[in-house]
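What follows is a set of notes on a single structure, which appears directly below.
The values are calculated or read from the model by the stated rules, or taken from the named source; none is laboratory data. Just so it is clear, the structure is predicted and the values come from calculations on it, not from any experiment. Heads up, the Cβs are rebuilt from the backbone with ideal geometry, glycines too, and the neighbour counts pull from every protein chain shown. Keep in mind that these areas ignore ligands, DNA and RNA; they rest on the heavy atoms of the full protein, side chains included. Shrake-Rupley method; radii C 1.70, N 1.55, O 1.52, S 1.80 Å.
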Amino acid sequence: MAMSCKDGKAVLDNGKYVRYTPEQVEALERLYHECPKPSSIRRQQLIRECPILSNIEPKQIKVWFQNRRCREKQRKEASRLQAVNRKLTAMNKLLMEENDRLQKQVSHLVYENGYFRQHTQNTTLATKDTSCESVVTSGQQNLTSQHPPRDASPAGLLSIAEETLAEFLSKATGTAVEWVQMPGMKPGPDSIGIVAISHGCTGVAARACGLVGLEPTRVAEILKDRHLWFRDCRAVDVLNVLPTANGGTIELLYMQLYAPTTLAPPRDFWLLRYTSILEDGSLVVCERSLKNTQNGPSMPSVQHFVRAEMLPSGYLIRPCEGGGSIIHIVDHMNLEPWSVPEVLRPLYESSTVLAQKTTMAALRQLRQIAHEVSQANVTGWGRRPAALRALSQRLSRGFNEALNGFTDEGWSMMGNDGSDDVTILVNSSPDKLMGLNLSFANGFPSVSNAILCAKASMLLQNVPPAILLRFLREHRSEWADTNIDAYLAAAIKVGPCSLSGSRVGGFGGQVILPLAHTIEHEESLEVIKLEGMGHSPEDTILPREMFLLQLCSGMDENAVGTCAELIFAPIDASFADDAPLLPSGFRIIPLDSGKEASSPNRTLDLASALDIGPTGNRASNDYSGSSGCTRSVMTIAFEFAFESHMQEHVASMARQYVRSIISSVQRVALALSPSHLSSHAGLRSPLGTPEAQTLARWICNSYRCYMGVELLKCSSEGSETILKTLWHHSDAILCCTLKELPVFTFANQAGLDMLETTLVALQDITLEKIFDDHGRKILCSEFPQIMQQGFACLQGGICLSSMGRPVSYERAVAWKVLNEEENAHCICFMFMNWSFV
């Protein structure tokens, strides 16, 4: 019986209407909100429980619920399309404004070009010797460049504030700075925004424009709390607040920034911040450094800090039609690069680095909070998003504190053992121990009464930070010592924890349990379960497993100027939001601002076809060609809780442990270096490897045998052409073993991208790990068919990357790969039209 519902009426196919009374519609709506898709038994139960529905047939009830779900789906889709339309409209407005600004910049450059051309011609025609005049003029310029001290009285500060506002707006929407698009950033409705960096101006500068789903006042509130979103910010102290006649406020701030590495001193700023509302209703927060002032407050130099300068910068926040805000961000600084070793100066002279660390970080924080507001308030782990962000912040902040070792936090340096490669700091401050809650960890008094930090930095050559960090994350057993990990666990009395996940290798067992990731996936928070633990250095028997809370960022090798971090800390069994954390880890900072030209999977190729190097890691050359040289600095810091009488022993242990990690990292970096790979006598090009070509031919022949069609469209039948075409196939193609617990042995480029892994780590990923419970059930039901019939077609669904990100695919095909003797060699999967959810 065909039936539809409109305005409370049920229409039968014989043309008669069955009218629902308002009471019936109200009852049905109430039942719909309780259970939008009731079963047949449930529908009959509803009729019995609700007498007002007794005169309606069960089929009519079924159709009413179908139509109601359809209307709900249409309503949600209409709402989504309206939101997209509003976003596109706002983005179009933003792009038109950017286009106008660029046209003004072009006109300005054309004018300057004409002026300089005329000036050059006049200079050429001039014959008079003006050397004396030049000396006088030059002297006058030097004299006039020395500005007299600025008045820092309330009236003088207001003048400085208005001047800062004008200069900031000329950078945000005008042509005061020549902006060029940041490498690797393409504006669009799904991008983070329009990001540009300066060209040829004093210091380093970056600008971003974007849309956020928050009201302007909320945006300003978030951005002014810089220490909550800017990981490098140690503290911001508001020392004075002055209201202005126009309803704005002037604030005097003192801000400290952490040093990113042990090789550079930290920075501080003495700032004026001006908040005001423009005539068009836009909200502006602008800042600049206060220097050379008199008749007002000042901030003397602070020991161990280098006073940096912030040139007029800030945020222009405009309300967006339909809700949300359009925001312009400008960061312009002089970070005093003279104060760091020459090798580190590119880090302080790069506008790209400033854009990634500061400007884009602000936009990401706003987008993340807006996303959390629109989503469920509690994640699948029972944690609110804000609580998970706080845990990430605590990990990062704790690592920075240990790395910098400020004396006002209780850190003091121990004497070295004759070498200065590893620095040892000790902290026995009660405030530090109380903040860690070590006194009552897991319900038992802790005997640890001091913290020790061992830290070091090293220069890396020709290895992309993202690839190295990914290896360190996925192959912990290559560098970590289980006994040291056990000692770290004992320090906070960690115990059993009821979490579950998928094994990814190492220690007899390393399990990664994703907790959360940001919407751009540039950062993830996860729990690491380590199994097969040993004994502590004091031979105290410990549990056979431990848990780490781990923060991982900078895994995208295509992101320019991004530092890669792997920070972790043992966690208590309770895993409370205020759990004691002693962060340790790695930070790898690229020193070359140019974009790396290599493929993200340059070192990771057809694993089953490549030779084993001295380090035991498979590697290969790149399909896309050799990459340029890259330099980066890695900083390592490890924290240990200990009893004060054990200080010398723990210091010696920590120093040797960090040295062993440095040695391991150097070995891994050498193995991943393309220069090492190209000189390795045992390695051959993948396209010329007979084993790889044979595997590719088996895959294609088996697919044709079972499916009756060709897998590839090759113009040539050569083995090398087949392998190359298979490697670049748009669908994800992966092969796994026929063992009891199948593991992957091969993936093409799309397969590696889908799993977010490398072929160094591919063989640590089991087939069952990439499927959820529903997918594993389907796979178990289809596996016998694959073995008997030779192939199976799987419905679309969701699988998981090695980073825990959900990946959707429209459908998948699995088939047996037969060798020359027609024996089963492996099973091949092809995931079609996949994308990250």
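Observations on the model:
- Taking the protein heavy atoms of segment 24-91 in the context of the full set of protein chains, the accessible area attributed to carbon and sulfur is 53 percent at 1.4 Å.
- For the pair Ser79 and Met299, a Förster radius of 56 Å applied to the C-beta separation gives a FRET efficiency near 0.65, rounded to the nearest 0.05.
- Our estimate of slack between Met832 and Gln647, defined as 0.36 nm per intervening residue step minus the Cα-Cα distance, is 60.8 nm.
- Magnitude of the charge dipole, segment 213-269, Cβ model with Lys/Arg +1 and Asp/Glu -1, debye to 20: 140
- Remark: relative contact order (segment 153-269) = 15 percent; criterion is Cα-Cα distance under 8 angstrom and separation of 6 or more residues.
- Projected label points at Ala386 and His774, each 7 Å from Cα along the beta carbon direction, are separated by 3.2 nanometres.
- Approximate spin-label separation Arg307-Leu88, in nm, with each point projected 7 Å along Cα-to-Cβ: 5.3
- The distance between label points at Ala235 and Met413 comes to 2.2 nm (points 7 Å beyond Cα on the Cα→Cβ vector).
- Estimated FRET transfer efficiency when R0 is 35 angstrom, pair Glu163-Val110 (beta carbons, to 0.05): 0.80
- Charge dipole (debye, nearest 20) of segment 275-347; +1 at Cβ of Lys and Arg, -1 at Cβ of Asp and Glu: 260
- Convex hull per residue volume in Å³, alpha carbons only, for segment 724-837: 103
- Given their separation in residues at 0.36 nm each and the Cα-Cα distance between them, Ile277 and Trp338 gain 18.2 nm when the chain is fully extended.
- Subset of Lys713/Lys739; Lys357/Lys769; Lys739/Lys769; Lys37/Lys87; Lys291/Lys455 violating a 25 Å alpha-carbon distance limit: Lys713/Lys739; Lys357/Lys769; Lys37/Lys87; Lys291/Lys455
- Net charge dipole size for segment 728-837 [Lys, Arg +1 and Asp, Glu -1 on Cβ; Debye, nearest 20]: 220
- Calculated over segment 19-111, the projected area of the Cα convex hull averaged across directions stands at 8.7 nm².
- Förster radius 22 Å - calculated FRET efficiency between Arg19 and Gln66, Cβ distance, rounded to 0.05: 0.75
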